[in-house]
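**Q** Before I ask anything, here is the structure I am working with.
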Amino acid sequence: MKKQNIKLLLPLIITLIILTIVKIIEPEEIDWSNSFAAKDKIPYGGYIINDLSQELFPGENVSLKELPVYNILKNNYFINTNYVFINSYFAPDRLDAEYLLRYVAEGNNVFISAFGIYGDLADSLKFIMYEDFFNEDSVRTNFSLPELKTDSGYYYTKGNFNNYFEEFDTAMVQVLGENSKGKVNFIRIKYGEGNFYLNTLPLVFTNYHLLNSENNEYVYKALSHLPVQQTFWDDYYKDGNKFTASSLNYIISQQSLRWAYYIILTSAVLFIFFYGRRRQRIIPVIPPLKNSTIEFVETIGNLYYQQKDYKNIAEKKITFFLDYIRNKYIIKTNKIDEETIKKISEKSLIAEGKIKSIFRNIEKIKNSPQISEDDLLNLNYQIEKFYERTK
């Protein structure tokens, strides 16, 4: 690569290196998106609650489920187990809702905490939720059961805490919690042999609010409605596990992928720099030298022919012909007799008569002081035919 091209690339390389270093050392911005995923340690992730899940159900197996309800329940029969769902919204499709209803009816319990619960499941359980899009930034909530209720309740800020159950079948529903405005935000629905526990405060189960020691008691009490038994903890219906619109943002958000991206970027810069220095210059195409011997011979031949010096041309053709025989068949041509003609015939596979005819013509030309154009053409014809047969 030319020095001029390297000088043009140098500012780009330096800029890329500086940007990479800045990206590595700069503090990461806090991600306030609703994730609820077990792997996420961001404020609204579910890392802490997932870590505490075993403590919530001591002595029992708590397993993380990363597949839809249908895949978990279709080939299995469960009884006396819990299934916990925490996310922004919970709207399973028809098939998932059918399996979840059957699962509860057979004697299991489902706990769902979400801003909104919709679809076939809500229709089957006959309730309607109200979602307050213009919610206040703070709210106070409490339990309804006297053994769980506190005097001051639980005060939450920064997030959506005002959603509630607007309509439900009072004959089927037990109210478990309300906010300070008297709106129901936690209910139990008896269904078959099991129960649905529905809650509208998913943010209280996230890392940010669990770190507040004054309020984390709410999480323990809310989940204490579930019996201590084998529990499935959902990690499939999570906002944090959905595909992000920006691939680069996702790569940067994952430590291993982020470092892989930086390594690839640095490698590309180094490759451009060193490859440009080591690459050999293009070798110019040099056309081969023209063989001017043939042109020279043709020129001389034309000169003799135009001067009608036929004998001179014929003698040169005879000289080349005899040289051809000597080199190809290793036969002496200083004396042409019957034995020589026989050897030429045997090695060339041409009849002796034709060989004799050629040499008679040669002898005639050698003994003549001048020859005609026809004599030259006749000799040329015989010799060229010989070449054709023997090549």
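**Q** Run down the aspartates and glutamates and flag those whose C-alpha is under 12 Å from the C-alpha of LYS317, throwing out any fewer than 8 positions away in its chain.
**A** Partners within reach: GLU384.
**Q** Relative to the present Cα-Cα distance, how much length would full extension add between LEU67 and ILE128 at 0.36 nm per residue of separation? Let's see the in-between values first.
**A** Working: separation 61, 0.36 × 61 = 21.96 nm, distance 2.68 nm.
Length gained, LEU67 through ILE128: 19.3 nm.
**Q** Sticking with this one: Exceeding 20 Å between C-alpha atoms, which entries from my cross-link table qualify? They are LYS311/LYS354; LYS39/LYS65; LYS308/LYS391; LYS335/LYS391.
**A** In this structure, LYS311/LYS354; LYS308/LYS391; LYS335/LYS391 lie more than 20 Å apart at Cα.
**Q** What full-extension length gain, to one decimal in nm, is calculated for ILE18 and VAL175 as 0.36 nm per residue of separation minus the Cα-Cα distance?
**A** Details: separation 157, 0.36 × 157 = 56.52 nm, distance 5.88 nm.
Answer, rounded to one decimal: 50.6 nm.
**Q** Using the basic label-point model (7 angstrom from Cα toward the beta carbon), what is the LYS308 to ILE272 distance in nanometres?
**A** 7.9
**Q** Right, something else. Could you please state how large a percent of the accessible area of segment 47-130 is carbon and sulfur, counting protein chains only and using a 1.4 Å probe?
**A** It is 47 percent, rounded to a whole number.
**Q** Report the extension gain between VAL285 and TYR262 in nm, rounded to one decimal, defined as 0.36 nm multiplied by the number of residues separating them, less their alpha carbon distance. Please report the intermediate quantities before stating the final value.
**A** Numbers: separation 23, 0.36 × 23 = 8.28 nm, distance 4.12 nm.
Contour length minus the Cα-Cα distance gives 4.2 nm.
**Q** Roughly how large, in nm² to one decimal, is the mean projection of the convex hull of the alpha-carbon atoms in segment 52-199?
**A** Quarter of the Cα hull surface area: 9.7 nm².
The values are calculated or read from the model by the stated rules, or taken from the named source; none is laboratory data. Here the structure is a predicted model, which is why all the values come from computation and not from measurement. Heads up, the Cβs are rebuilt from the backbone with ideal geometry, glycines too, and the neighbour counts pull from every protein chain shown. Keep in mind that these areas ignore ligands, DNA and RNA; they rest on the heavy atoms of the full protein, side chains included. Shrake-Rupley method; radii C 1.70, N 1.55, O 1.52, S 1.80 Å.
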